[in-house]
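Trainee: Below is one structure. I have some questions about it.
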Amino acid sequence: QVQLVESGGGLVQAGDSLRLSCAVSGRTLSTYTMAWFRQAPGKEREFVAAIDWTGIVYIKSVKGRFTISRDNAKNTVYLQMNSLKPEDTAVYHCALKSSGTYYAAVNEYAYWGQGTQVTVSS
């Protein structure tokens with residue numbers, strides 16, 4: 001079975017950095033689009049970044065601060081988060097895309113990790 005397991009979240013202060021990891025089993029991630037989404041309390045799930053063989057996409061609010069990358073040998077996707085802001089506070093999920101061409105479409109991702117909490121204090 002396909003499993004995605006996130007790690008690396010925590011409680012930090014504004015301006016600090018975190019690196020999230022998503023370890024994938026059951027599939028070779030290099031052949032799929034992988035993405036990070038986040039969901040803050042009281043808000044809907046929001047696309048953050050995606051990576052595949054065609055390139056990388058970010059939402060505007062994280063450009064220049066976050067970097068998505070992959071290590072195919074380790075079958076792992078990363079999200080390096082620098083200059084964190086309180087508005088980045090959310091549960092972060094990684095996801096494996098199953099169909100479609102729209103990176104931000106939640107319903108085009110077949111597999112999801114359980115999430116890792118990122119909390120940024122002022």
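Trainee: Taking the condition of being part of a strand (DSSP E or B) and surrounded by fewer than 16 Cβ atoms within 10 Å (Cβ to Cβ), how many residues in the range 36-45 meet it?
Mentor: 1
Trainee: Only residues in the range 37-62 that are touching a residue at least 40 places away in the same chain (Cβ under 8 Å) count as the first member; pair them with residues that are surrounded by 13 or more Cβ atoms within 10 Å (Cβ to Cβ) and of a type in the set (Asp, Glu), Cβ under 7 angstrom, at least 6 apart or cross-chain, and list the lot.
Mentor: If the second residue must be surrounded by 13 or more Cβ atoms within 10 Å (Cβ to Cβ) and of a type in the set (Asp, Glu), the pairs left are 37/46; 38/46; 39/46.
Trainee: Additional query: Is there a residue in the range 97-113 that is assigned to a loop (DSSP other than H, G, I, E, B) and basic (Lys, Arg)?
Mentor: no
Trainee: So, one more: Of (1) open to solvent by less than 40 Å² (accessible area, probe 1.4 Å); (2) more than 13 Å from residue 4 (Cα to Cα); (3) in contact with a helix residue (DSSP H, G or I) (Cβ under 8 Å, 6 or more places away or on another chain), residue 100 satisfies all except one. Which?
Mentor: The one condition residue 100 does not meet is (1).
Trainee: Among the residues of the range 53-63, is there at least one that is in contact with a helix residue (DSSP H, G or I) (Cβ under 9 Å, 6 or more places away or on another chain) and under 16 Å from residue 116 (Cα atoms)?
Mentor: no
Trainee: Scanning for something outside any strand (DSSP E or B), under 30 Å from residue 122 (Cα atoms) and not hydrophobic (A, V, I, L, M, F, W, C), does the range 22-35 turn up at least one residue?
Mentor: Looking for residues that are outside any strand (DSSP E or B), under 30 Å from residue 122 (Cα atoms) and not hydrophobic (A, V, I, L, M, F, W, C), one finds none in the range 22-35, hence no.
Trainee: So how many residues does the range 60-95 have that are surrounded by 15 or more Cβ atoms within 10 Å (Cβ to Cβ) and in a loop (DSSP other than H, G, I, E, B)?
Mentor: Of the residues in that region, 4 qualify.
Trainee: Sticking with this one: Starting from the range 104-119, keep only residues that are crowded, with 18+ Cβ neighbours inside 10 Å, then list their pairs with residues that are among the basic types (Lys, Arg) whose Cβ atoms are within a distance under 7 Å, requiring at least 6 positions of separation or different chains.
Mentor: Here the result reads 109/97, each pair linking the range 104-119 to a residue that is among the basic types (Lys, Arg).
Trainee: Among the listed residues 55, 26, 15, identify the single one that is open to solvent by less than 60 Å² (accessible area, probe 1.4 Å), touching a Ser or Thr at 6+ places or on another chain (Cβ under 9 Å) and not charged (D, E, K, R).
Mentor: Result of the check over 55, 26, 15: 15.
The values are calculated or read from the model by the stated rules, or taken from the named source; none is laboratory data. This one's a predicted model, so the numbers in the text were calculated from it and none came from an experiment. Glycine also receives a Cβ, built like all others from the backbone with ideal geometry; neighbour counts cover every protein chain displayed. Please note that ligands, DNA and RNA were not included when accessible areas were found on the heavy atoms of the full protein model with its side chains. Shrake-Rupley method; radii C 1.70, N 1.55, O 1.52, S 1.80 Å.
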